[in-house]
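Before we start, here is the structure in question, set down as structure tokens.
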Amino acid sequence: MNPDRHEPTPARNIRRAYAVAGLVMALMWIGEGNEPAWAHAVRATFLLLLLPPLLLRTNRRLSTAFHESARPGPALARLITARVLIVAAALVAGALLGHLLDPHTPVDTRALGIRLLLVALTVPLQIRAARRARAAGAHPSARPTLSAPRLICGKLSLIAAALLTETLLDPYMANAQLLIAAAIAVIVAALGPKIHPQLLVPRPTDTAREPSPAGTAA
């Protein structure tokens, strides 16, 4: 009955997305054993440079296919599978990079397994969000998308600040990286929704994907 009842939903979804993003970045920051701050900063930077371009481009293409498909089930399966595989492959590559940076520290398969499990646990949430977006009826091309360069620049700035802070705290704290990881999660969750509008750009297909009525060809 209240027309304003559903208006907070997009903002709430954005807050949830940044809360999850903050948790993911915090997990990326946590090192393997006694890994130095610069090493897990390099790992986090590598993942941030790799993930956004791949994930945003793939998500844009497969989200459009899911929205337009007459068989949404298989299209949704492809969308979710692609997301999970990209993130999982990036996490594995980051763990291997950490081992190459510090060969004396073995790959912590337990920590890697926990990260991959957390990625898998997001699948039900992704399915629910995708079905709600399709039910809402708004075509993905009608919505702005995140800019990978802006997103990367923002996260690299955060990593640089985290690296500097941990370097200063390391002589005085035994587990400074855990404190920095928690701070990253809080900062991304709190500030992400506020700067989100500055990270958006119009989709390149906004003007090219206008549906043509069947009778206009005459």
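List the residue pairs whose Cβ atoms are under 9 Å apart, where the first residue sits in segment 166-185 and is farther than 13 Å from His40 by Cα, the second is outside any helix (DSSP H, G or I), and the two are 6 or more positions apart or on different chains.
Cβ pairs passing all conditions: Asp170/Pro36; Leu179/Met173.
Of these, Thr45, Thr81, which one is in contact (Cβ under 8 Å) with a residue 24 or more places away in the chain and open to solvent by 20 Å² or more (accessible area, probe 1.4 Å)?
Being in contact (Cβ under 8 Å) with a residue 24 or more places away in the chain and open to solvent by 20 Å² or more (accessible area, probe 1.4 Å) holds for just one of Thr45, Thr81, which is Thr45.
Results for (1) open to solvent by 100 Å² or more (accessible area, probe 1.4 Å); (2) modelled with pLDDT of 65 or more, shown as yes or no for each residue.
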| position | (1), (2) |
| --- | --- |
| Thr167 | no, yes |
| Tyr172 | yes, yes |
| Asn175 | no, yes |
| Leu191 | no, yes |
| Gln198 | yes, yes |
| Val201 | no, yes |
| Asp206 | no, no |
| Arg209 | no, no |
| Pro213 | no, no |
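Mind listing just one residue for me: the one in segment 50-75 that is farther than 21 Å from Pro144 by Cα and among the hydrophobic types (A, V, I, L, M, F, W, C) and, of those, modelled with the highest pLDDT?
Among those that are farther than 21 Å from Pro144 by Cα and among the hydrophobic types (A, V, I, L, M, F, W, C), it is Ala75.
Okay, residues lined up against (1) modelled with pLDDT under 85; (2) surrounded by 19 or more Cβ atoms within 10 Å (Cβ to Cβ); (3) closer than 21 Å to Ala185 by Cβ:
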| site | (1), (2), (3) |
| --- | --- |
| Pro3 | yes, no, no |
| Glu7 | yes, no, no |
| Ala17 | yes, no, yes |
| Val20 | yes, no, yes |
| Met25 | yes, yes, yes |
| Ala77 | no, no, no |
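Only one residue in Leu116, Leu151, Leu112, Leu146 is farther than 21 Å from Pro10 by Cα, within 16 Å of the chain's Cα centre (by Cα) and not basic (Lys, Arg). Which one?
Checking each option against the conditions leaves just Leu116.
Would you mind finding the one in Val107, Val186 that is at negative phi, of a type in the set (A, V, I, L, M) and touching a His at 6+ places or on another chain (Cβ under 9 Å)? Reasoning before the result, please.
Details: Val186 fails: touching a His at 6+ places or on another chain (Cβ under 9 Å).
None of the other options fit; the residue is Val107.
The values are calculated or read from the model by the stated rules, or taken from the named source; none is laboratory data. Keep in mind that this is a model prediction, so the values were computed, not measured. Every residue, glycine among them, receives a Cβ derived from its backbone with ideal geometry; neighbour counts consider all protein chains shown. Note: accessible area is taken over every heavy atom of the protein model, side chains too, but ligands, DNA and RNA are not part of it. Shrake-Rupley method; radii C 1.70, N 1.55, O 1.52, S 1.80 Å.
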